[in-house]
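What follows is a single structure, written as structure tokens, with notes after it.
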Amino acid sequence: MAKILVVDDEEPIQELLRFNLEKEGYLVSVAKDGQEALQNVENDQPDLLVLDLMLPGMDGLEVCRKLRSNPKFQQIPIIMLTAKGEEFDKVLGLELGADDYMTKPFSPRELLARIKARLRRPNSQEEDTDSKIIIRGELRVDVTGFRVHVRGEETELTPKEFELLRVLVAHPGKVYSRDELLERIWGYEYDGDTRTVDVHVRHLRLKVERDPSNPEYIETLRGIGYRFKG
């Protein structure tokens, strides 16, 4: 039974999320500010955070930054809630390590779908290749071990970065649109722009490319999507 931490200072939002999440069988805890959220993560180690951007004292962006800078908590999925509609806030949240975002007011049903997608582990029957070790040039991807080596050195990826790399590297030369990658990796139909894919690709390139500005692996096809160079 997955544990979910809801971080929001608005009591109606807390109760709405608690009701819907507990109805789906999740264990739910609530924090009303950033400091309480960090303490809860340290003590209970939840499986996922639903994190509001606007919090008293320490805001959601700072909470996200602190969690992502701590190796113990880097893998915990974070879905950020924001009442702001500006692209800057959304992109900044993703840059700091949030896995996804939703703008208030939001649909509880859609949020539940995204939470399920975040918590769902890859199904072995849905692997893109029979090979459990994929080697492309100086890149070595251990599909079952969730490990990546670049030029002989192990490189730590977030879960979504790993899934993105796994999909692309399994079919070199195949072009994936941003919508295809969102549906395939994030596990839901994405209602809005596809900026989250671009942010994750940028982070992935910083970790696996020798020169991210001139990538040798992950190629951008302007206006179309991405492919792994064959």
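Six or more apart or on different chains, Cβ under 8 Å: which pairs go from a residue in the stretch 105-116 that's closer than 16 Å to V6 by Cα to one that's in a helix (DSSP H, G or I) and aliphatic (A, V, I, L, M)? Could you list them?
P108/L16; P108/L17; L111/L17; L112/L21; I115/L21
What's the number of the condition R227 fails, among (1) open to solvent by 30 Å² or more (accessible area, probe 1.4 Å); (2) in contact with a Leu (Cβ under 9 Å, 6 or more places away or on another chain); (3) under 21 Å from L94 (Cβ atoms); (4) outside any loop (DSSP other than H, G, I, E, B)?
With respect to (1) open to solvent by 30 Å² or more (accessible area, probe 1.4 Å); (2) in contact with a Leu (Cβ under 9 Å, 6 or more places away or on another chain); (3) under 21 Å from L94 (Cβ atoms); (4) outside any loop (DSSP other than H, G, I, E, B), R227 is out only on (3).
So which residues in the stretch 49-70 are outside any helix (DSSP H, G or I) and crowded, with 22+ Cβ neighbours inside 10 Å?
L49, V50, L51, D52, L53, L55
Pull up the stretch 171-184, narrow it to residues that are buried (at least 18 other Cβ atoms within 10 Å of the Cβ) and in contact with a strand residue (DSSP E or B) (Cβ under 9 Å, 6 or more places away or on another chain), then point me to the one that is farthest from T220 (Cα to Cα).
L181
Step by step: first the residues of the stretch 118-138, then only those that are at pLDDT 50 or above and under 22 Å from the mean Cα position of the chain (by Cα), then the one that is surrounded by the most Cβ atoms within 10 Å (Cβ to Cβ). Which residue is that?
Checked the stretch 118-138; the qualifying residue surrounded by the most Cβ atoms within 10 Å (Cβ to Cβ) is R118.
Just wondering, is there one or more residues in the stretch 83-98 that are under 20 Å from V197 (Cα atoms), of a type in the set (D, E), open to solvent by 40 Å² or more (accessible area, probe 1.4 Å) and free of Cβ contacts under 8 Å to residues at least 24 places away in the same chain?
Yes, the stretch 83-98 has at least one match.
The values are calculated or read from the model by the stated rules, or taken from the named source; none is laboratory data. This is a predicted model, so every value here is computed, not measured. Note that we place each Cβ from the backbone using ideal geometry, even for glycine, and neighbour counts take in every protein chain shown. Heavy atoms of the whole protein, side chains included, go into the accessibility calculation; ligands, DNA and RNA do not. Shrake-Rupley method; radii C 1.70, N 1.55, O 1.52, S 1.80 Å.
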